[in-house]
Amino acid sequence: MNIIGTSASVICINPDCAVNNNNDWPVHNLEAKNVKSEGFSCPCNVTSAWNLGWKSKNGNIYFLRGHIGKGGGGSIYKAYKYNLTDKRFEEGYAIKILRDNSNNLEESRKQLDREIEGLQQAYNAGARVPKYIDHYYPDAQNTNEQHSYFFLVQEFIEGDNLEKILQQEQQKITIGNPTLLFEERRVFNYLIEMLKDLHLLYRNQVLHRDIKPLNIICRKVKTNSQDEHEQNLQLYLVDFGSSKLVPIKNPYFTINYSSTILYAPPETLSSKLQLSKEDRYCYELLMNFFYDNKQLETFMWTRDLYSLAVTMFSLLIKSPSKLHSCYRWNPSDNEWNKWMLEIEKKAPNIYPILEKMSRFFPNKRYKTAIEALLDASTEAWYAYGDNIWLLSNDFLRAIKSDPELPQKLTNKQNKFIQQSQKEHKKQRREEISRDYENTN
């Protein structure tokens, strides 16, 4: 984390803050020398002991720099950490403040613990997710707690989320012209990077359960490439507020979770649908098989794949507005099918992979991320011919160790795997040659 100095501009989120300096949030200029171990009281409201500093359970003090966004579980802010030893502010932090739920502190604590555990598991697995740093939750037995807010401190990922990038691209498209928002090659890059992360999550038994453009951040990294898109390939999956770890005592959790309408798998909609009696009967008839506990466990990994596929569809051609307000409750949805026809014509190479990931019935989808990753990487390599699509040894080993995948490889996939292995051997020989030259 970067130390920035002995003074900083910080914001107050007290709704009664009387400071008005024509900003979205009241801004205070703070000197590090004035910060005490318990924080720093905001002068905005002398009737309440509202602190500008947010003190964690570990005793660290954080100050909010600015608002990033709001999600289902709370609000996210950029933050400084106050270094008690050096009396300076450090940047590079993000704080998620969960909604005040003082009426049910125990449930809020469990929710925060689940998010921390999911985030830590994913990070330790090597997935591109923010690093967990700190947290705070109030003690129900202690009436002297600083406030009833729960918060999570994590690494701040610099960059825009895919929803913001998508909105910028949509502004360039003429109304009524279903031109690709993102080039197919670029979406292949995004898809493959995210499938690698999902494989790492699944291998460590983490279900994210809320994948959508808002929860994927594109971190800018410098490369030698002149292509702007090639320089933005570090995608980070964020917001583990809905995540669950497997094994789950109650398989109900693998299906019952809040999700944005467009990205919600059809089998998760039973409690959300507002249908006529006849339509509900039809939906339950279609989905009844998948509500059995055994089936919930068998196909639980397909749900993140479904949400990721719809995210990628959205990057290709703008989704119909109706699909944002009406759940996809039957496989013959006209709006959905028209959208698919447009995408298939405009992006024929990637469409078959995304279509299989997002099939209406869970048993018709890819079962695992590694299966989808192999198909996506193979198709990208055949379509564009670059070696950047070849898989690393770690993923090749995962394919080999899969209980079903090696027995059903196509000739196309076998050729791709052989080329990946050949490239690794070539790189290894070059490394040995360089090492030999450096030692002589």
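Here are the numbers for the structure shown:
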quantity	calculated
Filter result for the condition that a residue is aromatic (Phe, Trp, Tyr) and within 21 Å of the chain's Cα centre (by Cα), over TYR382, TYR306	TYR306
Matching residues in the range 62-89 - criterion: being in a strand (DSSP E or B) and more than 27 Å from the chain's Cα centre (by Cα)	TYR82, ASN83, ARG88, PHE89
Pairs where the first residue, in the range 272-291, is in contact (Cβ under 8 Å) with a residue 60 or more places away in the chain and the second is assigned to a helix (DSSP H, G or I) and surrounded by 11 or more Cβ atoms within 10 Å (Cβ to Cβ), C-beta under 6 Å, 6+ apart	PHE290/GLU267; PHE290/PRO362
Residues of the range 339-388 satisfying the condition of being closer than 17 Å to SER307 by Cβ and among the charged types (D, E, K, R)	GLU355, LYS356, ARG359, LYS364, ARG365, LYS367, GLU371
Top-ranked residue of the range 275-295 - restricted to ones that are at pLDDT below 80 and among the polar types (S, T, N, Q), ranked as surrounded by the most Cβ atoms within 10 Å (Cβ to Cβ)	GLN295
Qualifying residue in the range 43-53 (condition: surrounded by 18 or more Cβ atoms within 10 Å (Cβ to Cβ), part of a loop (DSSP other than H, G, I, E, B) and at pLDDT below 85)	yes
All strands (runs of 3 or more DSSP E) inside the range 114-199 with 3 or more residues being modelled with pLDDT under 90 and not aromatic (Phe, Trp, Tyr)	none
Of all residues making up the range 212-249, the number that are polar (S, T, N, Q), at pLDDT 60 or above and touching a strand residue (DSSP E or B) at 6+ places or on another chain (Cβ under 7 Å)	3
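The values are calculated or read from the model by the stated rules, or taken from the named source; none is laboratory data. Worth saying up front: this structure is predicted, and the values here are computed from it rather than measured. Note that we place each Cβ from the backbone using ideal geometry, even for glycine, and neighbour counts take in every protein chain shown.
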